[in-house]
Amino acid sequence: MNRPVEEGVILDARQRYSAGVLKYRQMGYWDADYVPKDTDTLCLFRITPQDGVDPIEAAAAVAGESSTATWTVVWTDRLTACDSYRAKAYKVEPVPGRPGEHFAWVAYDIILFEEGSIANITASLIGNVFSFKPLKAARLEDIRMPVALVKTFKGPPCGLVVERERLDKFGRPLLGATTKPKLGLSGRNYGRVIYEGLKGGLDFMKDDENINSQPFMHWRDRFLYVMEGVNKASAATGEVKGSYLNVTGATMEDIYERAEFAKELGSVVIMVDLIIGWSAIQSIANWARRNDMIVHMHRAGHGTYTRQKNHGVSFRVMAKWLRLAGVDHLHTGTAVGKLEGDPMTVQGYYNVCRDSYTRQDLPRGLFFDQDWCDLRKVMPVASGGIHAGQMHQLIDLFGDDVILQFGGGTIGHPAGIQAGAVANRVALECMVKARNEGRDIRNEGPEILQKAAQFCTPLKQALETWKDVSFNYASTDTSDYAVTASVA
Ligand SMILES: O=C(COP(=O)(O)O)[C@H](O)[C@H](O)COP(=O)(O)O
Ligand SMILES: [Mg+2]
């Protein structure tokens with residue numbers, strides 16, 4: 001093969017399609033002059049090329065393998081409009097402070113994706129490239145979906161505005177708790193935990209990610225006892241209450257059967273785990289739209305690919321896809337609890353859920369503007385190792401449109417589950433009141449809580465029990481543009 005090339009560019013155009021291997025940039029997957037179109041999908045990848053691999057060639061390889069290319073020239077390209085179908089890497093920059101890593105921007109023409117299908121988008125964008133040998137590691141950091149594609153998705157079945165109206169709860173975060181122990185309770189004991197938590201002042205109780213239909217409690221028993229607890233607590237308090245009934249099952253038929261039963265019993269909300277997969281998520285979202293049901297998404301499994309900074313998919317991308325696919329609640333991190341989460345990075349996930357229009361915000365990891373085209377807003381959920389003593393931090397970080405979920409931090413209360421719920425409700429309401437009165441809750445928070453505790457024994461006990469608990473570890477997924485201390 002004798003193809004004259006210069007700087008990766010083929011000089012003799014007649015040589016482009018003769019059989020053999022060309023570099024991806026020679027095949028047209030790199031175009032430094034490319035101006036992205038409004039209808040393009042834009043991706044930012046973090047790539048770590050193998051030693052000796054040119055970053056531009058690595059970026060071109062990512063563009064190639066996530067769109068039309070294979071490792072060798074194929075003449076069948078000429079049967080297509082290949083020049084426009086090729087994704088184009090158009091910018092490569094070293095990542096600040098991370099030797100060996102580069103950011104690569106890639107643009108995809110709108111024809112490359114089926115309308116309204118996250119499964120199709122992900123099969124292209126994260127299909128092959130993450131195992132590609134010339135790269136040591138790759139991560140999809142952020143994505144800009146064009147308006148034309150966003151409009152092909154239906155988004156959250158209910159959305160946070162309608163959810164507040166249905167629940168008749170305004171002006172404060174919602175409160176929830178994950179039932180513990182995660183596994184092992186019988187239906188009757190389980191229902192009792194639900195009742196106690198809701199009666200004590202929580203808005204929601206929640207099934208955990210791994211509770212489906214095990215021998216100790218089959219799913220119908222769980223649903224029956226949970227709804228008994230929900231109805232009794234609603235009657236006792238006069239408030240609308242709910243408990244996320246986890247309908248995750250082995251097949252889509254199981255999932256639908258469980259969802260139908262939840263509806264029959266009058267539940268306002270169902271729950272699925274992320275591990276059911278994109279097509280199942282979009283299917284259950286369609287079901288929920290038809291049946292006026294809130295869909296709670298537990299992001300079980302995400303840490304296997306979102307946590308490491310140099311490889312996988314950022315959770316901000318997952319959050320964007322999940323908003324399009326159609327979930328109403330989404331676990332988005334706590335920053336202060338037991339699980340991974342750099343505060344500003346986590347705030348970026350919240351913005352993706354709640355913005356009408358997301359602006360570029362590098363310290364929060366948001367690389368692109370994103371027009372959400374009036375797609376409904378997702379209610380973010382802060383959950384994982386949090387307790388009443390952190391109320392000021394949580395409200396300061398995340399505002400009002402969030403569900404704060406204290407599992408261990410309700411059920412582990414020394415005076416019982418109702419007392420745990422009371423402690424959280426009082427902590428929440430005193431902090432919202434203080435903030436509304438103009439107090440600086442970030443700094444005065446502990447004092448505000450102590451004062452409220454003088455008149456609320458359950459809160460006093462909660463603050464005393466968990467006062468020394470902290471999870472002060474360095475975050476793995478931090479911003480490249482801002483250094484923020486992790487919060488304990
Ligand atoms: O069981 C819990 C929390 O229990 P507890 O409140 O007792 O810690 C949830 O599974 C985590 O919130 C998941 O994490 P994430 O919300 O990040 O997906
Ligand atoms: Mg859990």
Qualifying position, being within 16 Å of ligand 2 (Cβ to nearest atom), within 12 Å of the chain's Cα centre (by Cα), in the same structural domain as Arg435 (by TED's automatic domain parsing) and not acidic (Asp, Glu), among Val346, Val317, Val381: Val381
Of all residues making up the range 129-174, the number that are closer than 26 Å to Val62 by Cα and assigned to a strand (DSSP E or B): 10
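To keep it simple, each residue is scored yes or no on (1) surrounded by 21 or more Cβ atoms within 10 Å (Cβ to Cβ); (2) in a loop (DSSP other than H, G, I, E, B).
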residue	(1), (2)
Tyr195	yes, no
Gly201	yes, yes
Val230	yes, no
Ala236	no, no
Candidate set from the range 328-349 (those that are closer than 24 Å to Leu42 by Cβ and in contact with a helix residue (DSSP H, G or I) (Cβ under 7 Å, 6 or more places away or on another chain)); member that is farthest from ligand 1 (Cβ to nearest atom): Met344
Among residues of the range 287-305, those that are in contact (Cβ under 8 Å) with a residue 60 or more places away in the chain and more than 17 Å from Val162 (Cβ to Cβ), counted: 2
Residue count, the range 203-258 (criterion: more than 16 Å from ligand 1 (Cβ to nearest atom) and of a type in the set (Asp, Glu)): 6
Can you tell me which residue among Lys169, Lys182 is charged (D, E, K, R), at pLDDT 95 or above and away from ligand 1 (no atom under 15 Å from the Cβ)? Lys169
Check off (1) surrounded by 16 or more Cβ atoms within 10 Å (Cβ to Cβ); (2) at pLDDT 95 or above for Val129 and give me the number that stays unchecked. (2)
Checking Asp401 against (1) within 14 Å of ligand 1 (Cβ to nearest atom); (2) in contact with a strand residue (DSSP E or B) (Cβ under 9 Å, 6 or more places away or on another chain); (3) of a type in the set (Asp, Glu): exactly one of these is not met. Which one? (1)
All but one of (1) in contact (Cβ under 8 Å) with a residue 24 or more places away in the chain; (2) within 23 Å of Lys320 (Cα to Cα); (3) of a type in the set (S, T, N, Q) hold for Asn120, so report the exception by its number. (1)
Among the residues of the range 26-67, how many are assigned to a strand (DSSP E or B), within 27 Å of the chain's Cα centre (by Cα) and among the hydrophobic types (A, V, I, L, M, F, W, C)? 5
Single residue of Glu239, Glu253 found to be more than 16 Å from ligand 2 (Cβ to nearest atom) and without any contact (Cβ under 8 Å) to a residue 24 or more places away in the chain: Glu253
Residue check, Gly409 within 15 Å of ligand 2 (Cβ to nearest atom), touching a residue at least 12 places away in the same chain (Cβ under 8 Å), in the same structural domain as Tyr349 (by TED's automatic domain parsing) and of a type in the set (Gly, Ala, Ser): yes
Among Gly445, Gly416, Gly407, the single one that is at pLDDT 95 or above and on the phi > 0 side of the Ramachandran plot is Gly416
For Gly97, state whether it is under 29 Å from Trp372 (Cβ atoms), under 31 Å from the mean Cα position of the chain (by Cα) and not in a strand (DSSP E or B). no
Picking from Thr332, Thr358, which residue would you name as being buried (at least 21 other Cβ atoms within 10 Å of the Cβ), within 16 Å of ligand 2 (Cβ to nearest atom) and closer than 23 Å to Ser117 by Cα? Thr332
Go through the range 429-450 residue by residue and tally those that are free of Cβ contacts under 8 Å to residues at least 40 places away in the same chain, part of a helix (DSSP H, G or I) and surrounded by fewer than 16 Cβ atoms within 10 Å (Cβ to Cβ). 5
Condition first: within 22 Å of Glu209 (Cα to Cα), β-branched (Val, Ile, Thr) and either out of contact with any Asp or Glu (no Cβ under 9 Å at 6 or more places or on another chain) or more than 16 Å from ligand 1 (Cβ to nearest atom) (or both). Can you find one or more residues in the range 287-309 that meet it? yes
Only one of these is of a type in the set (A, V, I, L, M), under 24 Å from Gly277 (Cβ atoms) and surrounded by 21 or more Cβ atoms within 10 Å (Cβ to Cβ): Ile121, Ile56. Name it. Ile121
Qualifying residues in the range 270-286 (those that are within 16 Å of ligand 1 (Cβ to nearest atom) and buried (at least 18 other Cβ atoms within 10 Å of the Cβ)) - the one nearest to Lys136 (Cα to Cα): Leu274
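The values are calculated or read from the model by the stated rules, or taken from the named source; none is laboratory data. In this text the structure is predicted, and so the values were computed from the model without any measurement. So basically every Cβ, Gly included, is an ideal-geometry build from the backbone, and we count neighbours across all protein chains shown.
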